[in-house]
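This report refers to the structure that appears directly beneath it.
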Amino acid sequence: MLMLNALNTGLFDFVWVQFYNNPPCQYTSGNISNLEDGWKQWTSAIPAHKIFLGLPAAPQAAGSGFIPAADLNSQVLPAIKNSAKYGGVMLWLKYYDDLDGYSSSIKNDV
């Protein structure tokens, strides 16, 4: 509740939201509906100017919610990029991105 109160102050221009390790708002094997619903809730609920989609950079980087780059590029990004509050993608954890090159696989579509 404290975080929501802080976000609702309007003092935050950018917010990076974790869309993994949280089944109610994450991607699941080709199904983007939970993620898309979660995105709409975040973008309508807080006054930040830009919201970033936080994702694991590899399956090993999180317990759940990894999105294969091809699915992110073809399904998820087309569904959220037209949002006025779309700011981009945040990846957790650079170590895994360095190993797998996930950011290189998505950078042209982000």
(request) Identify which of Gly30, Gly88, Gly54 has the largest mean-square fluctuation in a Gaussian network model of the chain, with springs joining Cα atoms closer than 10 Å. (result) Gly30
(message) Running a GNM on the chain with Cα contacts under 10 Å, which residue among Ser64, Ser33, Ser44 ends up with the highest mean-square fluctuation?
(response) Ser44
(message) Please report the spacing between the Cα centers of the stretch 16-52 and the stretch 1-15 in Å, no decimals.
(response) 16 Å
(message) Let me confirm the definition first: pairs of Lys residues in the stretch 1-97, 8 or more apart or on different chains, C-alpha distance under 21 Å. How many are there?
(response) 5
(request) State the antiparallel share, in %, of DSSP beta bridges confined to the chain, rounding to the nearest 5. (result) 10 percent
(message) Please give the charge dipole size of the chain, origin at the Cα centre, charges +1 on K and R Cβ atoms and -1 on D and E Cβ atoms. Round to the nearest 20 debye.
(response) 260 debye
(message) So for the chain, considering every pair of alpha-carbon atoms, how many percent are separated by more than 24 Å?
(response) 21 percent
(message) Quick check: pseudo-label points 7 Å beyond the Cα along Cα→Cβ at Met90 and Asp71, how many nm apart are they?
(response) 2.2 nm
(request) Specify the angular offset, from 0 to 90 degrees and rounded to the nearest 10, of the alpha carbon long axis of helix 33-45 from the longest principal axis of the alpha carbons in the chain. (result) 30 degrees
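Throughout, read-outs are computed from the coordinates displayed, never taken from laboratory work. Given the structure is predicted, the values throughout are model-derived calculations rather than measurements. With ideal geometry, Cβ positions are generated from the backbone for all residues, glycine too; neighbour counts draw on all protein chains shown.
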